[in-house]
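The values are calculated or read from the model by the stated rules, or taken from the named source; none is laboratory data. The shown structure was predicted, so the numbers you read here are calculated from the model rather than taken from an experiment. Counting neighbours? That spans all protein chains shown, and the Cβs are built from the backbone with ideal geometry, glycine included. Calculation scope for accessible area: heavy atoms of the full protein, side chains included, ligands and nucleic acids excluded. Shrake-Rupley method; radii C 1.70, N 1.55, O 1.52, S 1.80 Å.
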Amino acid sequence: MTSWEKRGNYLIEVSQRCLKGHKTFDLCRSHLVEASQISKGTIYNHFTSEADLIVAVACADYRHWLAQAEQDTLQYSDPYLRYIFHHCQRLYHILSEQSFVIARVIPNEAVISHASDYYRERFERVSSQYKQWNAQTLTEIGEIGGFNRGELLCDYLRGAMINSDDAQKHPNDAEMYYQFSFAMTQLMGHSQKRPPGIKVFLQWLADKEA
């Protein structure tokens, strides 16, 4: 990794810290000067527009989800549980870390189109990989005709992440994850499947504290 790439990753980490607890992407490149102790010129070289900054943060989030997806693929041989716990982990991360919900601003074609080629291509690549993982997992669970299940789930997950963050839900609420899982199961079209129960989620949460 080059020094330019390391500095870019550091600026993204600083951006994510600055956005913790925020409900809008109100961070500008100029804000990073004091937060990062890096010169304005250097920051503007890394992010040539405000759109670049937004898309760069989005890329980092998608890379994080992909890394989690790889772990979940190894941990859960059952694709249904893999999908359920993967998205529960995403929700847990948002609530426990007070992470900014990037779904509030991305995907947004207007923002992406204003980003430089470098960040736009990175986002298209990583988002495509993540969509592919989700689609493949749903295929393994078993496709149900009649609706575009992947699209339904994507829209639901986006709304659920934003609404849970807005409501300041507690990250250790086992019943919340059960309800979240039940809704995903219904949207998959697999209403015959029983989502993990509250006791399972209590243990899942306890394991995180261990």
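Scanning region 153-203 for residues that are more than 13 Å from residue 81 (Cβ to Cβ) and β-branched (Val, Ile, Thr) gives 162, 198.
Only helices (runs of 4 or more DSSP H) wholly contained in region 1-117 count here; list those with 3 or more residues that are farther than 24 Å from residue 183 by Cβ.
Of the helices (runs of 4 or more DSSP H) lying wholly inside region 1-117, those with at least 3 residues that are farther than 24 Å from residue 183 by Cβ span 3-19, 31-36, 40-46, 50-75, 109-114.
Pairs meeting the criteria (first residue in region 135-158 and more than 12 Å from residue 184 (Cα to Cα), second residue open to solvent by less than 90 Å² (accessible area, probe 1.4 Å) and in a loop (DSSP other than H, G, I, E, B), beta carbons under 8 Å, at least 6 apart or on different chains) are 141/190; 142/190; 144/189; 144/190; 146/189; 147/189. Checking each residue in region 76-88 for being touching a residue at least 60 places away in the same chain (Cβ under 8 Å) and within 16 Å of the chain's Cα centre (by Cα) picks out 83, 84, 85, 87, 88.
Candidates are the residues of region 125-141 that are buried (at least 18 other Cβ atoms within 10 Å of the Cβ) and over 15 Å from the mean Cα position of the chain (by Cα); the one that is nearest to residue 75 (Cα to Cα) is 137.
Within region 89-104, residues that are closer than 14 Å to residue 65 by Cα sit with their Cβ atoms under 6 Å from residues that are acidic (Asp, Glu), at 6+ positions apart or across chains, in these pairs: 94/165; 101/165; 102/61. Just so you know, in region 155-208 the residues that are open to solvent by 10 Å² or more (accessible area, probe 1.4 Å), more than 18 Å from the chain's Cα centre (by Cα) and aromatic (Phe, Trp, Tyr) include one that is nearest to residue 140 (Cα to Cα), and it is 182.
Determine whether residue 190 is in contact with a Phe, Trp or Tyr (Cβ under 9 Å, 6 or more places away or on another chain) and either in a loop (DSSP other than H, G, I, E, B) or at positive phi (or both). I'd like the intermediate steps shown before the answer.
Values: in contact with a Phe, Trp or Tyr (Cβ under 9 Å, 6 or more places away or on another chain): yes; either in a loop (DSSP other than H, G, I, E, B) or at positive phi (or both): yes.
Taking the combined requirement at face value, the residue satisfies it.
Looking at this structure, is residue 106 surrounded by 18 or more Cβ atoms within 10 Å (Cβ to Cβ) and either of a type in the set (D, E, K, R) or more than 30 Å from residue 200 (Cα to Cα) (or both)? It is true that residue 106 is surrounded by 18 or more Cβ atoms within 10 Å (Cβ to Cβ) and either of a type in the set (D, E, K, R) or more than 30 Å from residue 200 (Cα to Cα) (or both).
Screening region 27-53 for residues that are more than 26 Å from the chain's Cα centre (by Cα) and either in contact (Cβ under 8 Å) with a residue 12 or more places away in the chain or open to solvent by less than 10 Å² (accessible area, probe 1.4 Å) (or both) and picking the one that is nearest to residue 122 (Cα to Cα) gives 42.
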